[in-house]
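What follows is a single structure, written as structure tokens, with notes after it.
The values are calculated or read from the model by the stated rules, or taken from the named source; none is laboratory data. Not measured: the values here are computed from a predicted model. Using ideal geometry, Cβ is built from the backbone for each residue, glycine included, and neighbour counts are taken over all protein chains shown. The accessibility values were calculated without ligands, DNA or RNA, using every heavy atom of the protein model including side chains. Shrake-Rupley method; radii C 1.70, N 1.55, O 1.52, S 1.80 Å.
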Amino acid sequence: MPQRHSKNNNDLAFFTYEEKRKLGYGTQRERLGKDSIKPFDACCLCLKPLIDPLCCPKGHTFCKECILECLLAQKKDIKRKLAAHEAQKKQEKEEEEEKLILQKAKELDAFDQQNHGAVPQYHDRSGSQGKNGFHGANSVKVTSFEEEALRNMKAFWLPSATPEATVKVDAPSTDTVCPEGQEKLKLKSLFPISFMEETADQKRKKAMEKSYMCPSCKSTLTNTMSLVAVSACGHVFCKKCSDKFLVKDKVCLECSKSFKERNLVPLEKGGTGFAAHDERLEARDFKHLGSGSGLGLVKPAPKAY
């Protein structure tokens with residue numbers, strides 16, 4: 001009789017390691033291909049080739065129309081959240097004033113009952129009623145406080161009196177953020193960039209595809225290269241030329257415009273499917289098996305672009 005092991009032992013009350021692997025238990029890793037990585041000349045919002053490109057101080061590139069629509073939508077959303085927050089504050093203030101009015105009415109009713117009731121009420125220091133005390137005038141007439149309590153009665157078994165959970169709106173931030181990096185972003189901090197397109201003699205690809213080159217070394221720009229943009233003029237260079245010339249001379253090699261070191265902005269990219277280039281290029285899914293069901297909750301990890 002062959003010896004049992006985890007691969008064919010399926011009559012246990014718990015999952016073996018091999019059964020968990022077949023169900024997809026644990027962390028699943030997969031190398032991302034070229035189609036899953038954003039090209040350097042693609043918009044971070046529409047993922048299409050850049051049209052009138054703008055760049056943020058962190059190096060994320062957008063089409064002008066896309067980023068303007070995004071910032072405008074964020075401002076509208078902030079305005080809507082501010083209006084909802086102000087309405088909530090106004091409602092809370094009205095509820096607080098109403099509570100004070102009801103508290104004063106309750107105190108006046110208690111004072112009236114104590115002075116004009118048939119039998120006075122006896123209260124100890126904790127505010128509870130004595131054994132022999134009872135509502136004198138209250139036994140004949142219902143007070144306004146009790147009418148309000150009956151009107152606002154919370155009874156989950158009555159559809160008309162079912163309490164509703166109040167949703168509080170926190171004070172929203174008034175700052176617009178970058179849709180890619182989630183840092184604060186203003187319209188005036190965006191700057192236009194321009195790529196130097198290769199001439200017909202230098203092109204090696206199809207005529208329909210645009211290719212760009214570095215203005216200094218004339219090498220074709222690809223995802224395998226690190227790119228640097230000059231925020232003062234918008235010209236884009238490869239990292240090697242930037243470290244060799246721009247950092248030292250502080251002058252643009254294309255338009256001879258001077259700038260400061262803080263004006264050099266490295267562009268964000270995704271690399272390729274063969275080289276990581278300091279980017280995470282693995283998609284991960286973590287699956288946790290549910291108790292007794294064999295099904296699990298899948299928690300996807302953030303994808304690399």
Practice item. For region 163-182, name all the residues that are open to solvent by less than 60 Å² (accessible area, probe 1.4 Å) and either at pLDDT below 80 or over 12 Å from Cys70 (Cβ atoms) (or both). Key: Val169, Pro172, Asp175, Gly181
Review point. Exactly one of (1) open to solvent by less than 30 Å² (accessible area, probe 1.4 Å); (2) under 22 Å from Gln182 (Cβ atoms); (3) not small (Gly, Ala, Ser) is unmet by Thr16. Its number?
Key: (2)
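Please find, among Gln74, Gln88, Gln113, the residue that is touching a helix residue (DSSP H, G or I) at 6+ places or on another chain (Cβ under 7 Å), surrounded by 15 or more Cβ atoms within 10 Å (Cβ to Cβ) and either of a type outside the set (Ser, Thr, Tyr) or within 22 Å of Thr224 (Cα to Cα) (or both).
Result of the check over Gln74, Gln88, Gln113: Gln113.
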Review point. Restricting the search to region 163-197, which residues are within 23 Å of Cys233 (Cβ to Cβ), in a loop (DSSP other than H, G, I, E, B) and touching a helix residue (DSSP H, G or I) at 6+ places or on another chain (Cβ under 8 Å)?
Key: Leu185, Leu190
Check your understanding: Only one residue in Leu264, Leu297 is under 30 Å from the mean Cα position of the chain (by Cα) and modelled with pLDDT of 90 or more, so which one is that?
Key -> Leu264
Exercise for review: List the number of the failed condition for Ser256; all other conditions in (1) modelled with pLDDT under 90; (2) part of a loop (DSSP other than H, G, I, E, B); (3) open to solvent by less than 70 Å² (accessible area, probe 1.4 Å); (4) of a type outside the set (D, E, K, R) hold.
Suggested key: (3)
Revision key, fill the gap. Only unsatisfied item for Ala155, checking (1) farther than 25 Å from Ile51 by Cβ; (2) at pLDDT 75 or above, is (2)
Check your understanding: Could we say that Ala105 is outside any loop (DSSP other than H, G, I, E, B), among the hydrophobic types (A, V, I, L, M, F, W, C) and at pLDDT 85 or above here?
Key -> yes
